[in-house]
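The structure appears right after this line, and notes come after that.
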Amino acid sequence: MSRTERQGTPVPVADLPGLIGQEIGVSRWFEIDQARIDAFAEITEDRQFIHVDPEAAKATPLGGTIAHGFLTLSLASAMSYDCVPPLAGVAMGLNYGFDKLRFLAPVPAGSKVRGRFRLLSAEDRGGGRWLLKHELTVEIDGGDKPALVAEWLSMQVVGG
């Protein structure tokens, strides 16, 4: 299975109403090391010292470098591929955006994060299109608060 294929047994669309409100998956842990942070800084051209200068970052209340919030968010797709089962007969899925997104805690370099998914809604948009809303909580290993919480929308096209 390629990394872009979703794990798990496909879910028939008829089963979606029974899954609303349920946790449907927890991803593996992803390491957020300084090399990953530095690479993200280069790609996005966001080289703020709190991300890329360990010595300067030590002098802040955070005590060291932290991941970009958008780096943590960018792992959402990989997290979902790990643990969110596909719809049965899905031809394609599209990122549809976010209704809500909050960054709640910094992710220190050297941390691990994982995604926890709960299905909030499933709306039949007709023509085999399903608008799914998942709550995504990105946990920090050993952390008191999540790194982020989001309501993530995807359009799933069944058939085709």
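Contact map, the range 22-46: first residue without any contact (Cβ under 8 Å) to a residue 40 or more places away in the chain, second residue in a strand (DSSP E or B), Cβ cut-off under 6 Å, separation 6 or more or different chains; the map is empty. Would you confirm whether or not the range 53-69 contains a residue that is under 30 Å from ASP15 (Cα atoms) and touching a Gly at 6+ places or on another chain (Cβ under 9 Å)? No, every residue in the range 53-69 fails to be under 30 Å from ASP15 (Cα atoms) and touching a Gly at 6+ places or on another chain (Cβ under 9 Å).
Yes or no: the range 100-109 includes at least one residue that is more than 16 Å from HIS51 (Cα to Cα) and of a type in the set (A, V, I, L, M, F, W, C). Yes, the conditions are met somewhere in the range 100-109.
None of ALA91, ALA76, ALA109 is hydrophobic (A, V, I, L, M, F, W, C) and over 22 Å from THR137 (Cβ atoms) except ALA91. Checked against (1) under 28 Å from ASP53 (Cβ atoms); (2) exposed (fewer than 15 other Cβ atoms within 10 Å of the Cβ); (3) under 12 Å from the mean Cα position of the chain (by Cα), ASN95 passes all but condition (1).
Taking the criterion of being buried (at least 19 other Cβ atoms within 10 Å of the Cβ) and closer than 27 Å to PRO17 by Cβ, would at least one residue in the range 103-111 satisfy it? No: the range 103-111 contains no residue that is buried (at least 19 other Cβ atoms within 10 Å of the Cβ) and closer than 27 Å to PRO17 by Cβ. In the condition set (1) within 26 Å of ASP144 (Cβ to Cβ); (2) touching a strand residue (DSSP E or B) at 6+ places or on another chain (Cβ under 6 Å); (3) acidic (Asp, Glu), ASP82 is compliant with all but (2).
Inspection of the range 39-55 finds a residue satisfying the criterion of being of a type in the set (Phe, Trp, Tyr), surrounded by 14 or more Cβ atoms within 10 Å (Cβ to Cβ), over 20 Å from PRO146 (Cα atoms) and modelled with pLDDT of 95 or more. Of all residues in the range 129-139, those satisfying the criterion of being out of contact with any helix residue (DSSP H, G or I) (no Cβ under 9 Å at 6 or more places or on another chain) and either of a type outside the set (A, V, I, L, M) or crowded, with 18+ Cβ neighbours inside 10 Å (or both) are ARG129, LYS133, GLU135, THR137, GLU139.
Every listed requirement among (1) touching a residue at least 60 places away in the same chain (Cβ under 8 Å); (2) buried (at least 17 other Cβ atoms within 10 Å of the Cβ) is met by THR65 save one, (1).
The values are calculated or read from the model by the stated rules, or taken from the named source; none is laboratory data. The model shown is predicted, which means the values in this text are computed figures rather than measured ones. Using ideal geometry, Cβ is built from the backbone for each residue, glycine included, and neighbour counts are taken over all protein chains shown.
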